[in-house]
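The values are calculated or read from the model by the stated rules, or taken from the named source; none is laboratory data. None of the values given here were measured: they were computed from a predicted structure. Quick reminder, even Gly has a Cβ in these numbers, built from the backbone with ideal geometry, and neighbours come from all protein chains shown. Ligands, DNA and RNA are stripped out before the accessible areas are found, and what is left, the full protein with its side chains, is counted by its heavy atoms. Shrake-Rupley method; radii C 1.70, N 1.55, O 1.52, S 1.80 Å.
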Amino acid sequence: MVEIKSQDATLPSGLTLHYHEAGVGNESTVVMLHGGGPGASAWSNFSRNIAAFAEEFHVIAVDQPGFGKSSKPTEHGQYFTHSANALEELFDVLGVDKAHLLGNSLGGGTAVRFALNFPDRAGRLVLMGPGGLSINVFAPDPTEGVQKLGRFAAPPGPTKEKLEAFLRTMVYDQSLITEELLDERFAAASAPESLAAMKAMGKSFSQPESFEEGLLWREAYKLRQRVLLIWGREDRVNPLDGALVALKLIPRAQLHVFGRCGHWAQLEKFEEFNRITRDFLID
């Protein structure tokens, strides 16, 4: 059985990042970066994937700033840059020189910003419905999922029903949205510090002085890493047509599309996702 450790790292900036680690001693490191929905964390996104990847990789699954058990600052710049800077500090603290990055949604945006700002420290990128990199060609913007995300904390405040409405846009297989998942995510998402952090994150995407840092598609041509884009055909948060611009602009990109799959490919297509992704990282 693979041992998964859960621990904290205090960064020079004063932030604390919580992370799960497994496969220590394996040659290559893979960093997993979760999405940005209410109550999201590294464990909620990747609990089933960590052990599978740890058979071949040193795995670090990070709670990004504002999520899980990590610090929840409310004063920061554009979120992708904020999180990428924190991740670079974590690399230094843990003695990681370079790592492959696997990012879902918001985490995909962080992975791209990290690769752009710290290219020598980023290996290959696996991006599942990444934020900031896709432009909807046919689908409406904001999408159904993004609209329901925005309603979660809107007056009169968060409710379990609003959370459920959002989470059901995340998956094709509706059986994945269980009462246990709803209870767990709502408890984390409705805490005052989590609500404040989520509000600050959202605000960072519209701040005049820095919002352009979130328009990752404008810089996608600079990426020199090999990139695997993964999309669910039924993604209602970042729809499939959003992949077209990224696929065109990124010099070394390839795209894999799962049918009967939403925004959580790593869960809905667990075994096939693990196989395809590990083959890409090892090849």
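Observations on the structure shown:
- Flag if residue 187 is part of a helix (DSSP H, G or I) and open to solvent by 30 Å² or more (accessible area, probe 1.4 Å): yes
- Of all residues in segment 105-115 being of a type outside the set (Phe, Trp, Tyr) and in contact with a Leu (Cβ under 7 Å, 6 or more places away or on another chain), the one that is nearest to residue 229 (Cα to Cα): 108
- No other residue among 165, 154 is surrounded by fewer than 21 Cβ atoms within 10 Å (Cβ to Cβ) and part of a loop (DSSP other than H, G, I, E, B) apart from 154.
- Among (1) over 28 Å from residue 202 (Cβ atoms); (2) assigned to a helix (DSSP H, G or I), the one test that residue 44 misses: (1)
- Where residue 114 falls short, out of the listed (1) free of Cβ contacts under 8 Å to residues at least 40 places away in the same chain; (2) in contact with a strand residue (DSSP E or B) (Cβ under 7 Å, 6 or more places away or on another chain); (3) open to solvent by 50 Å² or more (accessible area, probe 1.4 Å): (3)
- Applying the set (1) of a type outside the set (Asp, Glu); (2) over 24 Å from residue 83 (Cα atoms); (3) out of contact with any helix residue (DSSP H, G or I) (no Cβ under 9 Å at 6 or more places or on another chain) to residue 146 leaves exactly one unmet item: (2).
- Filtered residue count, segment 85-106, keeping only those that are touching a residue at least 24 places away in the same chain (Cβ under 8 Å), outside any strand (DSSP E or B) and under 23 Å from residue 26 (Cα atoms): 11
- For the residues 57, 46, the requirement of being crowded, with 17+ Cβ neighbours inside 10 Å, modelled with pLDDT of 95 or more and within 15 Å of the chain's Cα centre (by Cα) singles out 46.
- Subset tally (residues that are in contact with a helix residue (DSSP H, G or I) (Cβ under 9 Å, 6 or more places away or on another chain) and not in a strand (DSSP E or B)) for segment 250-269: 12
- Restricting segment 14-34 to residues that are farther than 12 Å from residue 65 by Cα and more than 19 Å from the chain's Cα centre (by Cα), the residue that is surrounded by the most Cβ atoms within 10 Å (Cβ to Cβ): 23
- Verdict on residue 219 being within 30 Å of residue 245 (Cβ to Cβ) and either surrounded by 14 or more Cβ atoms within 10 Å (Cβ to Cβ) or at pLDDT below 95 (or both): yes
- Being at pLDDT 95 or above and either of a type in the set (Lys, Arg) or surrounded by fewer than 21 Cβ atoms within 10 Å (Cβ to Cβ) (or both) is a property that does not hold for residue 283.
- Residue check, residue 206 part of a loop (DSSP other than H, G, I, E, B), without any contact (Cβ under 8 Å) to a residue 12 or more places away in the chain and surrounded by fewer than 15 Cβ atoms within 10 Å (Cβ to Cβ): yes
- Residue match in segment 67-82 (condition: part of a strand (DSSP E or B), at pLDDT 95 or above and surrounded by 24 or more Cβ atoms within 10 Å (Cβ to Cβ)): no
- Residue within segment 227-249 that is open to solvent by 30 Å² or more (accessible area, probe 1.4 Å), assigned to a helix (DSSP H, G or I) and within 25 Å of residue 51 (Cβ to Cβ) present: no
To keep it simple, each residue is scored yes or no on (1) in contact (Cβ under 8 Å) with a residue 12 or more places away in the chain; (2) within 19 Å of residue 126 (Cα to Cα); (3) not in a strand (DSSP E or B).
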site: 3; (1), (2), (3): yes, no, yes
site: 6; (1), (2), (3): yes, no, no
site: 12; (1), (2), (3): yes, no, yes
site: 21; (1), (2), (3): yes, yes, no
site: 30; (1), (2), (3): yes, yes, no
